[in-house]
Amino acid sequence: MPKIKTIRTKKAPEGWELIEPTITEIGNQIRDVENQTYSDKKKPEQFWEIYKLHHQRSRYIYEMYYYKKEITRELYEFCLQEQYGDASLIAKWKKTGYEKLCCLHCISKSQHNFGGSCICRVPKAKLEEGKLVQCKQCGCRGCASGD
């Protein structure tokens with residue numbers, strides 16, 4: 001979640017007005033999802049939408065800097081410092097094989113049996129046909145880069 005703005009908070013660098021509407025819109029969507037009541041869903045399923053929006057916001061910042069090159073390095077670092085994007089997740093996206101990674105839970109060896117990774121990291125070609133695969137942590141249906 002982004003830091004609270006105070007008098008001492010650093011001013012946003014040039015170009016902030018370009019990405020601010022999208023960042024704010026995704027932040028409002030996250031806030032709306034947090035305020036919803038869930039009576040029919042299991043506890044992990046309640047967080048799936050938040051993970052999805054968090055991923056979307058981080059991906060937007062990543063693509064604006066690395067692919068479209070529409071924001072400066074200063075603005076990119078400001079967004080990461082103010083926690084608008086997940087710096088650890090973006091660092092993984094830069095590595096080969098992790099370009100489509102949905103969340104850090106899926107590659108955390110401590111959260112899975114036998115020190116492996118999540119089922120959503122298995123390429124679809126290696127799975128049985130017609131089998132629905134969905135991560136229990138984040139609801140992802142396949143984020144392996146080899147698809």
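Across all Cα atoms of segment 64-147, the radius of gyration (one decimal) and Dmax (whole number) stand at 15.2, 46 Å. So what is log10(I(q)/I(0)) for the chain at q = 0.08, 0.19 1/Å, when the Debye sum runs over its Cα atoms only? Cα-only, vacuum Debye calculation for the chain: -0.27, -1.21. Dividing the mean sequence gap of close Cα pairs (under 8 Å, 6+ apart) by how many residues segment 54-147 holds gives a relative contact order of 22 percent.
Would you mind getting the accessible area per residue of segment 98-140, heavy atoms of the protein chains only, 1.4 Å probe, in Å²? Display every interim value, and only then the final one.
Values: 2930 Å² over 43 residues.
Ligands and nucleic acids excluded, the result is 68 Å² per residue.
Carbon and sulfur: what percent of the chain's accessible surface (1.4 Å probe)? Display every interim value, and only then the final one.
Details: 5060 of 10060 Å².
Of the solvent-accessible surface of the chain, carbon and sulfur hold 50 percent.
Leaving out ligands and nucleic acids, note down the accessible area per residue over segment 1-54 with a 1.4 angstrom probe, in whole Å².
Values: 4440 Å² over 54 residues.
Value returned for segment 1-54: 82 Å² of accessible area per residue.
Backbone amide hydrogens, once placed in the peptide plane, bring residue 86 within less than 5 Å of 58, excluding anything fewer than 5 places away on its chain. If I fit a long axis through the Cα atoms of helix 48-66 and take the longest principal axis of the Cα atoms of the chain, what angle between them do I get, 0 to 90°, rounded to 10? The angle comes out at about 60 degrees.
The values are calculated or read from the model by the stated rules, or taken from the named source; none is laboratory data. If you're wondering where the values come from, they're calculated on a predicted model, not measured in any experiment. For accessibility, only protein heavy atoms count, side chains too; no ligands or nucleic acids. Shrake-Rupley method; radii C 1.70, N 1.55, O 1.52, S 1.80 Å.
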